[in-house]
Each structure stands twice: as C-alpha cells, then as structure tokens.
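Presented below is the structure to which this report refers.
Just so it is clear, none of the values below were taken in a lab; they were calculated from the coordinates. None of the values given here were measured: they were computed from a predicted structure. Here the Cβ positions follow ideal geometry from the backbone for every residue, glycine too, while neighbour counts run over all protein chains shown.
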Amino acid sequence: MDALDRIDKEEIRDLLGKSWLTHDGMWFYHTYQEVGIEKANKLNKAAIRSLAPIEINRVKKVLGIDREKIVAFEDLKDFILEAMGIPFNINPKISKCIMHEKGACSGNIRVMLND
C-alpha cells in the first residue's frame, strides 16, 4: 500500500487547498513588497481575469455540465449552487426586466447564509 492509499480524500483536498492558498498569499505578499500595493492589486486582478474562465471550465467538466448550458440566469444559479453549495436570497425578487425601473440592465445579487 503506498502513501496515497493511506490518505483519505478530505486530507488530500485539504493539503492541496492549503498549499494553493499559501502559494497565492506568498505570491501577493512578495509582489506587494517588490512593486507596491497599487501594482500588486492590478497584477492580482489581471491574474484573476485570466484564471476565472479556465477554472469555470474545469468545474463545469468535473460536474458534467455542457459548455453551452449556462445561457440564462437560472442556469447560472444552478451552476453556482452545484459548484459551491452556498445558499442565497435575491431580494427583491426579479420577475421582469429592470431596465425600465432602474435605468440599466444591472444590479446586485447578495449571497447570504440562510438560517
């Protein structure tokens, strides 16, 4: 029996997650030390913009979600719930286009823990 057979899935996930978070934190810290907070934040945001589509596609693949499936808000909501398991509320409920009421097709969704 090798080492991976003795380690359960949660321990592996925890190790990889902590390692990634430590790497990310250390990268940001050293970038901040080298170029300052303004430039470090700019670089971090650029990295996130580049990384996000790659990560989303990986999660979709693992969950067995077709690339074209997310075309409506309900699809996005279902994807987020399945991918992250975070409960949410949308208040007030949106039942129609808000362009005429708010003057723009944009708004805020607040993710909150449900009691």
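Numbers below:
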read-out: Average projected area [Cα convex hull, region 1-89], square nanometres; value: 8.9 nm²
read-out: Neighbour-limited loop hits for chymotrypsin sites (Phe, Trp or Tyr not before Pro), region 1-87 (at most 11 other Cβ within 10 Å; DSSP other than H, G, I, E, B); value: none
read-out: Amide proton proximity set for K69, modelled H, under 5 Å, gap of 5+; value: none
read-out: Dipole of region 3-102 [Lys/Arg +1, Asp/Glu -1 at C-beta], most positive-end residue of M99, A40, I56; value: M99
read-out: Likely footprinting exposure, L43, L51, fewest C-beta neighbours within 10 Å first; value: L51, L43
read-out: Hz values of 3J(HN,Hα) by residue in region 29-41 - Karplus curve (6.51, -1.76, 1.60), Gly and Pro given as x; value: 4, 6, 5, 4, 4, 7, 10, x, 5, 4, 5, 4, 5
